[in-house]
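Just below is one structure, and these are the notes that go with it.
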Amino acid sequence: LMIDRLRSRQRSAVRDQAWQRGQVMEVAGAPVVDAPGADEVVASRQRLNALVEAVSSLPPQTARAFRMHKLEGLSHAETAAAMGVSK
């Protein structure tokens with residue numbers, strides 16, 4: 001039983017190392033993580049909440065123009081035409 005456990009642990013270690021090599025990029029032998037750090041995630045959420053609050057406090061037409069231009073990707077001219085106002 002001990003030999004079986006040892007072999008099982010060795011196989012698991014080899015399998016885990018192979019998976020890690022396929023998933024993690026290394027630079028100069030140090031792993032590089034693609035995921036942002038916890039502090040970056042919290043800061044991003046705070047910025048997003050501030051943006052949502054700022055847009056929700058805008059007058060309705062201004063908020064609509066902002067959404068059309070910044071979120072939907074319309075140009076200033078396209079946004080103005082869609083809203084029936086001058087550029």
Query raised in the report: What residue, among those in segment 25-45 that are among the small types (Gly, Ala, Ser) and surrounded by 10 or more Cβ atoms within 10 Å (Cβ to Cβ), is nearest to Lys87 (Cα to Cα)?
Result: Ser44
Report task. Please specify each residue of segment 21-68 satisfying the condition of being in contact with a strand residue (DSSP E or B) (Cβ under 8 Å, 6 or more places away or on another chain) and aliphatic (A, V, I, L, M). Result -> Val24, Met25, Val32
Query raised in the report: Is there any pair linking a residue in segment 50-67 that is surrounded by 14 or more Cβ atoms within 10 Å (Cβ to Cβ) to one that is not in a helix (DSSP H, G or I), with Cβ under 8 Å and at least six apart or on different chains, and which?
Result: Phe66/Leu58
Report summary line: Going through segment 46-60 in order, the residues found to be part of a helix (DSSP H, G or I) and either farther than 18 Å from Lys87 by Cα or at pLDDT 95 or above (or both) are Gln46, Arg47, Leu48, Asn49, Ala50, Leu51, Val52, Glu53, Ala54, Val55, Ser56
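The values are calculated or read from the model by the stated rules, or taken from the named source; none is laboratory data. Being a predicted model, the structure only gives us computed values, none of them experimental. Counting neighbours? That spans all protein chains shown, and the Cβs are built from the backbone with ideal geometry, glycine included.
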